[in-house]
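The values are calculated or read from the model by the stated rules, or taken from the named source; none is laboratory data. Being a predicted model, the structure only gives us computed values, none of them experimental. Don't worry about glycine lacking a Cβ; one is built from the backbone with ideal geometry, like all the others, and counts go over all protein chains shown. Ligands, DNA and RNA are stripped out before the accessible areas are found, and what is left, the full protein with its side chains, is counted by its heavy atoms. Shrake-Rupley method; radii C 1.70, N 1.55, O 1.52, S 1.80 Å.
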Amino acid sequence: MTTDGMAQHISRTLATKAGRVLRAGPAAEADAYQQALITAQQWRAQHLGATEQCFTQVLACSHKFENSVATYRLKRLASIVAKVQRPEANFKLGELDDIGGCRLILETVEQVHQAADTLKARLILKGSDGEKNYIDTPRESGYRSYHLLTNNETPEGSYHIEIQIRTKLQHYWSTAVEAAGEIYGAEYKSMETNRVNDEQEAERLCFFKIVSSLFALEEHTSPVPGFTDNQHDLRAQLRSLDCAKQLLDDLQQATDSVLPIETKQNSDKELFLLKLSRSNQDLDIESYGQRQLLDAMSQYSVYEHRIEASLMGQESEECPYDNVVLVYARDSKQLEIAYPNYSTNVKQFIGIVRDYLS
């Protein structure tokens, strides 16, 4: 904060400097660490306008595809700090490309490529690494999606916003991996085999790679590097894993207590603000018509500020929510795909994998 109480504008260089303090973690001096958190919080908040600009284009693109779902959010401060502190990595806070993020979920890989072409024509990409096709070339972890890294100019500066374009099948896999990560305390999406020392973790990682390869074959795309393109052999490998049944049971148990989304069918309401409290699984929903996009984004901004300020101890009254997502969907079934506590996606994942095991 500045002396007159106004938030200080954070440059990319200043953000990276704060990130170095955050990376030190407990070794950092307490006051310096707290100031670095405040700097990171403001740097994160500065991405909001650019993310809104980007989402406007993603939303327009989504209207071309029936059953599409579009979302946007800012990465939670705790997740940003965890990424900066990640071992064996050297992420610089000022250079993170996924602080602001939009997502477009579609039915087919063909639609993913069509949407990517549309958005590339409408947005400015971030140089030579502005396009990453993890569908044709999956990550070692099994992650599959199509990323566009965009450069967005605002009156406050230039910010990089990530757009993830993926199929529902790829989305089911990704959210199941995140749910398993919360259960077992591991980041399977970014985990590399040669850095896994625990046999159980290595087997779970193998499980997700095999499933990702099976999903890839369903979509007629490339399996995870090092895995066969023979479905029969992949299913046999999956059945041979001791962890498979227990992992699915753990995922099932984690989602059984989740309350389903309940919304009134209203044809003119296609924008939904999802406000979630993970601690008690409460979910509140505000709905808006498409012409109310600016109102919806404004309200998103209000809750964003309240959540982060509450987590930082900057508000006298604690915010009842810890996650907020703005979603475009045409009905409650589509809306469930974007539900930020994994329920529907993980249940779909479990059903498909149980069929592979049968």
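Brief remarks on what is shown
- Residue count for the range 321-358 under the criterion of being within 29 Å of GLU270 (Cα to Cα), assigned to a loop (DSSP other than H, G, I, E, B) and modelled with pLDDT of 85 or more: the result is 2.
- Which numbered condition LYS132 misses (of (1) touching a residue at least 40 places away in the same chain (Cβ under 8 Å); (2) closer than 22 Å to LYS168 by Cβ; (3) not in a helix (DSSP H, G or I)): (1)
- Failed item, numbered, when TRP173 is tested on (1) part of a strand (DSSP E or B); (2) within 24 Å of ILE350 (Cβ to Cβ); (3) out of contact with any Cys (no Cβ under 8 Å at 6 or more places or on another chain); (4) not hydroxyl-bearing (Ser, Thr, Tyr): (1)
- Of all residues in the range 52-102, those being assigned to a strand (DSSP E or B) and open to solvent by 60 Å² or more (accessible area, probe 1.4 Å) number 1.
- Close pairs from the range 272-287: first modelled with pLDDT of 85 or more, partner among the aromatic types (Phe, Trp, Tyr) and part of a strand (DSSP E or B), Cβ under 9 Å, at least 6 apart: PHE272/TYR288; PHE272/TYR328; LEU273/TYR288; ILE285/PHE272; GLU286/PHE272; SER287/PHE272
- Search result, residues across the range 279-315 that are in contact with a Phe, Trp or Tyr (Cβ under 9 Å, 6 or more places away or on another chain), of a type outside the set (A, V, I, L, M, F, W, C) and not in a helix (DSSP H, G or I): ASP282, ASP284, GLU286, SER287, TYR288
- Look at the range 313-340: where a residue is under 30 Å from GLN34 (Cβ atoms) and a partner is assigned to a helix (DSSP H, G or I) and modelled with pLDDT under 85, sitting 6+ places away or on another chain with Cβ atoms under 6 Å, you get GLU315/ALA309; GLU318/SER310; CYS319/SER310.
- Scan of the range 139-195 for residues that are of a type in the set (Val, Ile, Thr) and surrounded by fewer than 20 Cβ atoms within 10 Å (Cβ to Cβ), ordered by number: THR154, ILE183, THR193
- Close pairs (9 angstrom Cβ cut-off, 6 or more residues apart or separate chains): within 16 Å of LEU59 (Cα to Cα) and of a type in the set (Lys, Arg) in the range 115-128, open to solvent by less than 30 Å² (accessible area, probe 1.4 Å) and modelled with pLDDT of 95 or more anywhere: LYS120/LEU148; ARG122/CYS61
- Flag for VAL211 being in a helix (DSSP H, G or I), at pLDDT 95 or above and among the β-branched types (Val, Ile, Thr): yes
For (1) out of contact with any strand residue (DSSP E or B) (no Cβ under 8 Å at 6 or more places or on another chain); (2) open to solvent by less than 50 Å² (accessible area, probe 1.4 Å), each residue gets a yes or a no:
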site: GLN292; (1), (2): no, no
site: ALA296; (1), (2): no, yes
site: GLN299; (1), (2): no, no
site: HIS305; (1), (2): yes, no
site: GLU318; (1), (2): yes, no
site: ASN323; (1), (2): no, yes
site: LEU326; (1), (2): no, yes
site: SER332; (1), (2): yes, yes
